[in-house]
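K.L.:
Quick one: the structure is below, and I'll ask about it shortly.
The values are calculated or read from the model by the stated rules, or taken from the named source; none is laboratory data. Predicted model, so just to flag it, every value in this text is computed and none were measured. We place every Cβ from the backbone using ideal geometry, glycine too, and count neighbours over all the protein chains shown.
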Amino acid sequence: MRKQLVSFAILIGLLCAVPPIAYWLDDPFLLSLASRCLILASAAVATNLIMGYGGLISLGHAVFIGIGGYVVGIASHHAFNDGMTWLSNGLLQLVAVLLLSVLVALFVGLVSLRTKGIYFLMITLAIGQMFYLAAVGAYDYGGDDGITVFAKSRFLGQALSGHYLIYWVSAAYLTASMFLVARLSSSRFGLVLRSAKVNEARTRAMGYEPFRVRLVAFTVAGVIAGGAGFLMANHAGFVSPAMLHWTRSGDLIVMVVLGGLGSVFGPLAGTVAFLALEEVLSGITEYWAIPVGAILIAVALYTPQGVMGLLSRRRNHG
Amino acid sequence: MVDPILSVEGLNKRFGGLAATDNVSLSVPPGTLHAIIGPNGAGKSTLIAQLMGALRPDSGRIVFQGEDVTALATPARVRLGIARSYQVTSLCPDFSVLENVLLASQLRDGGWLSFWRPAITYPRSRSRAMEELSKVGLADRSDRLAGELSHGEQRQLEVAMALASDPVLMLLDEPLAGLGRDEADGMVSLLHSLKGHVTMLLIEHDMEAVFALADCVSVLSFGRIIASGTVNDIRKDPNVRDAYLGTEGDAHA
């Protein structure tokens, strides 16, 4: 427990070091890249809750990013085109994101959590694509082209824009969601969730209904990812159906696996690794996904605990 | 006559043409240990699975403390006071020994709807878990990961977990499987110490253990109870000697 608090202190220290470095290098792109990384990482944190701790591999989790994003996008559309500026109210938008994420998570969860393994994967994939196609078909909101977010979310008159502000908000959101998941994982709920992943029959024989526990986890993960989508829309200034395509859910899974399943800091480590690989390899070859795939296979075979596993192994050996 | 804790009436379960449970009836009075023996494939595990609610019988009734539980799901039966241990050790290897037991003990102390406070910081479930661990002799191992325990210790942990939900009835599926002689003796004396406090249904291959512990023994063969009675009755029963004890007796001779 104390060790974890120390890790969080180090994390906060590192997060605080980025803006001064960006300022000193006079490189706002660096800060923007960092923000994107932190926002994606918080979506990966959500994925890790259901996948790393709950053993549920969902190919539809990007739906929740889409929900968060489209709330901002649609609000901006009406605020900008129809003069409904009250829709830019950030708190109002967050309430909408919360409610919609919970509702959709309950719906998807009720349908999909009765199944396991490949069936769960296929159902979440199907539902995810349903939402994707709905976004593509929403011609009023740009259809395939998406929506440019002209009217950013506003809090007490302050728009959520500017590299530094977005960065700090994203950093705070990531830290908070990581801390939340860390607490959840060691709570009573977390014990049952993790136990159901290892041995479902045993968990039932101890008097628990894994379905209910997983439904709670799925809903919490949906809300966290919804918040990430809200930030993503404000950061990128743009939302499109691509946000909720199943390949984005796949990216989240890759990030979590790269970082280390079921570890508190794994999703961040995995996201950094994923974006760094993408950045470096896409400069070398257009087919950057191929080496990323090879690395993923190597991780799965040789270090199932991901980047965090490598780090802790090194620490243990001195 | 005292009302039985568990009574099974005419239980049947078929898998295709195979009668895994064939008209099984039995009754377990409170505080006693009822052993079920029988060769491999006799249907012992299938019977436990039905008692626990993991399998649904084709016909028959399971009555627990006067209540018909035949249609209840596993978690509901656990809440009424039935617990089981597993033949194949099925712990969470990445959990500490204490956390494994807490999983069971927290059920009776508020349940799982707690999201922020670490599970190990609840004093009541923790002390109950520690109590069960000391009963089975694992109190000094509570911080270890369950996966690091020896096979014998893992079997003890299984029993501690079954005990931690504070059951009225424990279904023990071969708790002595794979134990060395000393460890087996330890387990037998542990189960002996529980007699009178918890009602137990014991499935076991180890005849010495069964004869030392059981108040009543039922012999299962091809899903059917071919004999039922005290240890002495069973020892003398010629059918049982043919079906089962004969070979065992030779092996021990």
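K.L.:
Confirm whether residue A:213 is touching a Gly at 6+ places or on another chain (Cβ under 9 Å) and part of a helix (DSSP H, G or I).
P.N.:
On the way: touching a Gly at 6+ places or on another chain (Cβ under 9 Å): yes; part of a helix (DSSP H, G or I): yes.
Spelling it out, residue A:213 is indeed touching a Gly at 6+ places or on another chain (Cβ under 9 Å) and part of a helix (DSSP H, G or I).
K.L.:
Report yes if residue B:63 is more than 14 Å from chain A (Cβ to nearest Cβ), aliphatic (A, V, I, L, M) and surrounded by 17 or more Cβ atoms within 10 Å (Cβ to Cβ), otherwise no.
P.N.:
Working: more than 14 Å from chain A (Cβ to nearest Cβ): yes; aliphatic (A, V, I, L, M): yes; surrounded by 17 or more Cβ atoms within 10 Å (Cβ to Cβ): yes.
Judged against the criteria, residue B:63 is a match.
K.L.:
Would you pick out the residues in region B:92-107 that are more than 8 Å from chain A (Cβ to nearest Cβ) and surrounded by 20 or more Cβ atoms within 10 Å (Cβ to Cβ)?
P.N.:
So in region B:92-107, the residues more than 8 Å from chain A (Cβ to nearest Cβ) come out as B:96-98, B:100-101, B:105.
Of everything in region B:92-107, those that are more than 8 Å from chain A (Cβ to nearest Cβ) and surrounded by 20 or more Cβ atoms within 10 Å (Cβ to Cβ) turn out to be B:97, B:98, B:100, B:101, B:105.
K.L.:
A further question on this structure: Tell me which of these residue B:96 doesn't satisfy, since it passes every other one: (1) in contact with a strand residue (DSSP E or B) (Cβ under 7 Å, 6 or more places away or on another chain); (2) assigned by TED's automatic domain parsing to the domain that holds residue B:240.
P.N.:
Every listed condition holds for residue B:96 apart from (2).
K.L.:
Quick check on region B:113-157: of everything there that is of a type in the set (Ser, Thr, Tyr) and at the interface with chain A (Cβ under 10 Å from one of its Cβ atoms), which residue is nearest to residue B:86 (Cα to Cα)? Please lay out each step first, then the result.
P.N.:
Kept after step one, since they are of a type in the set (Ser, Thr, Tyr), are these residues of region B:113-157: B:114, B:121-122, B:125, B:127, B:134, B:142, B:150.
Filter once more, so that each one left must be at the interface with chain A (Cβ under 10 Å from one of its Cβ atoms): B:114, B:121-122, B:125.
Working: B:114: 27, B:121: 28, B:122: 27, B:125: 22 Å.
Top of the filtered list is B:125.
K.L.:
Another question, if that's okay. For region B:87-119, how many residues are assigned to a loop (DSSP other than H, G, I, E, B) and among the small types (Gly, Ala, Ser)? Before the answer, list the steps.
P.N.:
Initially, region B:87-119 is screened for residues assigned to a loop (DSSP other than H, G, I, E, B), giving B:87-95, B:109-117.
Then keep just the ones that are among the small types (Gly, Ala, Ser); that gives B:90, B:110-111, B:114.
Counting residues in region B:87-119 that are assigned to a loop (DSSP other than H, G, I, E, B) and among the small types (Gly, Ala, Ser) gives 4.
K.L.:
Tell me, which residue of region B:66-86 that is assigned to a loop (DSSP other than H, G, I, E, B) and touching a residue at least 24 places away in the same chain (Cβ under 8 Å) is nearest to the other protein chains (Cβ to nearest Cβ)?
P.N.:
Step one: of region B:66-86, the residues assigned to a loop (DSSP other than H, G, I, E, B) are B:66, B:69-73, B:81, B:86.
Of the ones still in play, those that are also touching a residue at least 24 places away in the same chain (Cβ under 8 Å) are B:66, B:81, B:86.
Values: B:66: 20, B:81: 10, B:86: 7 Å.
Once the filter is applied, the top-ranked residue is B:86.
K.L.:
Testing residue A:155 on (1) in contact with a strand residue (DSSP E or B) (Cβ under 9 Å, 6 or more places away or on another chain); (2) of a type in the set (Phe, Trp, Tyr); (3) facing another protein chain (nearest Cβ under 10 Å), one condition comes back false. Which one is that?
P.N.:
Here residue A:155 clears every test but (3).
K.L.:
Are there any helices (runs of 4 or more DSSP H) wholly within region B:156-248 with 1 or more residues that are closer than 30 Å to residue B:130 by Cβ and touching a residue at least 24 places away in the same chain (Cβ under 8 Å), and if so which? Quick ask: steps written out before the conclusion?
P.N.:
On the way: elements: B:181-194, B:207-213, B:231-236.
Result: B:181-194, B:207-213.
K.L.:
Which residues, counting only those in region A:153-169, are buried (at least 22 other Cβ atoms within 10 Å of the Cβ) and either at pLDDT below 90 or farther than 13 Å from residue A:36 by Cα (or both)?
P.N.:
The one that is buried (at least 22 other Cβ atoms within 10 Å of the Cβ) and either at pLDDT below 90 or farther than 13 Å from residue A:36 by Cα (or both): A:153.
K.L.:
Report yes if some residue within region A:118-126 is over 30 Å from residue A:78 (Cα atoms), free of Cβ contacts under 8 Å to residues at least 12 places away in the same chain and within 14 Å of chain B (Cβ to nearest Cβ); otherwise report no.
P.N.:
no
K.L.:
Any residue at all in region B:47-55 that is assigned to a strand (DSSP E or B), buried (at least 17 other Cβ atoms within 10 Å of the Cβ) and at pLDDT below 95?
P.N.:
Here is the first cut: in region B:47-55, the residues assigned to a strand (DSSP E or B) are none.
No, there is no match, as no residue in region B:47-55 is assigned to a strand (DSSP E or B), buried (at least 17 other Cβ atoms within 10 Å of the Cβ) and at pLDDT below 95.
K.L.:
Take residue B:110 and tell me if it is facing chain A (nearest Cβ under 10 Å) and either at pLDDT below 90 or within 20 Å of the chain's Cα centre (by Cα) (or both).
P.N.:
On the way: facing chain A (nearest Cβ under 10 Å): yes; either at pLDDT below 90 or within 20 Å of the chain's Cα centre (by Cα) (or both): yes.
Here the answer is yes, as residue B:110 does meet what is asked.
K.L.:
Modelled with pLDDT of 90 or more and over 26 Å from residue B:103 (Cβ atoms): does that describe residue A:246? Give the steps one after another, and end with the answer.
P.N.:
Working: modelled with pLDDT of 90 or more: yes; over 26 Å from residue B:103 (Cβ atoms): yes.
Answer is yes for this residue.
K.L.:
With respect to the numbered conditions (1) more than 27 Å from residue A:217 (Cβ to Cβ); (2) of a type in the set (Ser, Thr, Tyr); (3) surrounded by 22 or more Cβ atoms within 10 Å (Cβ to Cβ), which one is the sole condition not fulfilled by residue B:25?
P.N.:
Condition (3) is where residue B:25 drops out.
K.L.:
With (1) among the hydroxyl-bearing types (Ser, Thr, Tyr); (2) more than 13 Å from chain B (Cβ to nearest Cβ); (3) free of Cβ contacts under 8 Å to residues at least 60 places away in the same chain as the list, and residue A:208 as the residue in question, which single condition is left unmet?
P.N.:
(2)
K.L.:
Would you check if there is a residue in region B:32-42 being surrounded by 22 or more Cβ atoms within 10 Å (Cβ to Cβ) and either basic (Lys, Arg) or within 14 Å of chain A (Cβ to nearest Cβ) (or both)?
P.N.:
No, region B:32-42 contains no residue that is surrounded by 22 or more Cβ atoms within 10 Å (Cβ to Cβ) and either basic (Lys, Arg) or within 14 Å of chain A (Cβ to nearest Cβ) (or both).
K.L.:
Determine which single condition residue B:127 fails, assuming it passes every other condition in (1) hydroxyl-bearing (Ser, Thr, Tyr); (2) more than 29 Å from residue B:65 (Cβ to Cβ); (3) modelled with pLDDT of 90 or more.
P.N.:
Failing condition for residue B:127: (2).
K.L.:
Given the conditions (1) assigned to a helix (DSSP H, G or I); (2) under 19 Å from residue A:186 (Cα atoms), report the number of the one that residue A:296 does not fulfil.
P.N.:
Unmet for residue A:296, out of (1) assigned to a helix (DSSP H, G or I); (2) under 19 Å from residue A:186 (Cα atoms): (2).
K.L.:
Name, by its number, the condition in (1) closer than 30 Å to residue A:186 by Cβ; (2) touching a residue at least 60 places away in the same chain (Cβ under 8 Å) that does not hold for residue A:14.
P.N.:
Answer for residue A:14: the failing condition is (2).
K.L.:
Scan region A:174-189 residue by residue and report those that are within 19 Å of the chain's Cα centre (by Cα), touching a residue at least 24 places away in the same chain (Cβ under 8 Å) and at the interface with another protein chain (Cβ under 8 Å from one of its Cβ atoms). Walk me through how you get there before you give the answer.
P.N.:
Initially, region A:174-189 is screened for residues within 19 Å of the chain's Cα centre (by Cα), giving A:174-185.
Now drop any that are not touching a residue at least 24 places away in the same chain (Cβ under 8 Å), which leaves A:174-175, A:177-182, A:184-185.
A:184 - this is the single residue of region A:174-189 that is within 19 Å of the chain's Cα centre (by Cα), touching a residue at least 24 places away in the same chain (Cβ under 8 Å) and at the interface with another protein chain (Cβ under 8 Å from one of its Cβ atoms).
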